[in-house]
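Right, one structure below, let's go through it.
The values are calculated or read from the model by the stated rules, or taken from the named source; none is laboratory data. Bear in mind the structure is a predicted one, so any value in this text is a computation, not a measurement. Cβ sites come from the backbone with ideal geometry, for glycine too, and all protein chains shown count toward neighbours. Heads up: the accessible areas ignore ligands, DNA and RNA and are worked out on the full protein's heavy atoms, side chains in. Shrake-Rupley method; radii C 1.70, N 1.55, O 1.52, S 1.80 Å.
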Amino acid sequence: MAHATDGQLYAQWVELLGWLEAEAAARGLAFQKVADFPDYIYRMERPYDLPTTVMSVALTTGGQPLLVAAASPRHVDLKGVSLRLMGGSKHWHLHAGQRGLLEGKRPFTRERLGLLLDGALKGVA
């Protein structure tokens, strides 16, 4: 299996951010930015070349985080995306594939995200 580039990972992260925002809206959850990438914060006058400044977001319900998603900063060697359900031990590590984020060898789809959110809201994720 060929490894995807850093550029592909960050483009796929932007796609996931869109899914998270849409799926949150569909379920009445709030979508909140948690943090920007450190190299964006400290870039001074240098141009910023990643497709987003957002490094982590939270989907919240009743003011409390339900799910937190984050992408690795640029300086990390083994980059990926993490999804974590709050209040438990459930988490997912995604990495860039040639056509989209992968959960192990399985494509991580918007439908899969929806199932995870539905399970979290029902307490069965």
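Of the solvent-accessible surface of the stretch 18-67, computed with a 1.4 Å probe over protein heavy atoms with every protein chain present, carbon and sulfur atoms account for 54 percent.
In this simple spin-label approximation, K105 and R27 carry label points 7 Å from Cα along the Cα→Cβ vector, and these lie 2.9 nm apart.
3J(HN,Hα) along the stretch 39-56: 6, 6, 4, 9, 6, 6, 9, 6, x, 10, 10, 7, x, 8, 9, 7, 9, 8 Hz, from the Karplus curve 6.51 cos²θ - 1.76 cosθ + 1.60 with θ = phi - 60°, whole Hz, x for Gly and Pro. Amide H contacts of M55 (H built 1.01 Å from N, in plane; Pro and chain starts excluded): A35, D36, F37 sit under 5 Å, all sequence-distant by 5 or more or on other chains. Solvent-accessible surface of the stretch 36-125, taken per residue with a 1.4 Å probe and all protein chains present: 61 Å². For L121 and Q98, what is the calculated FRET efficiency with R₀ set at 25 Å and r taken between the beta-carbons, to the nearest 0.05? Computed FRET efficiency for L121 and Q98 comes out at 0.20. Proximity of backbone amide H atoms, modeled 1.01 Å from N, is registered between M86 and L67, V68 at under 5 Å, excluding neighbours fewer than 5 places apart on the same chain.
Remark: the stretch 81-97, residue by residue, has Karplus-estimated 3J(HN,Hα) of 10, 10, 10, 9, 7, 7, x, x, 9, 6, 7, 10, 10, 10, 10, 6, x Hz, where x stands for each Gly or Pro and the curve is 6.51 cos²θ - 1.76 cosθ + 1.60 at θ = phi - 60°.
If the segment from L78 to Q64 were pulled out straight at 0.36 nm per residue, it would be longer than the present Cα-Cα gap by 2.0 nm. Per-residue accessible area (protein heavy atoms, 1.4 Å probe) orders R46, R74 as R46, R74, starting from the largest.
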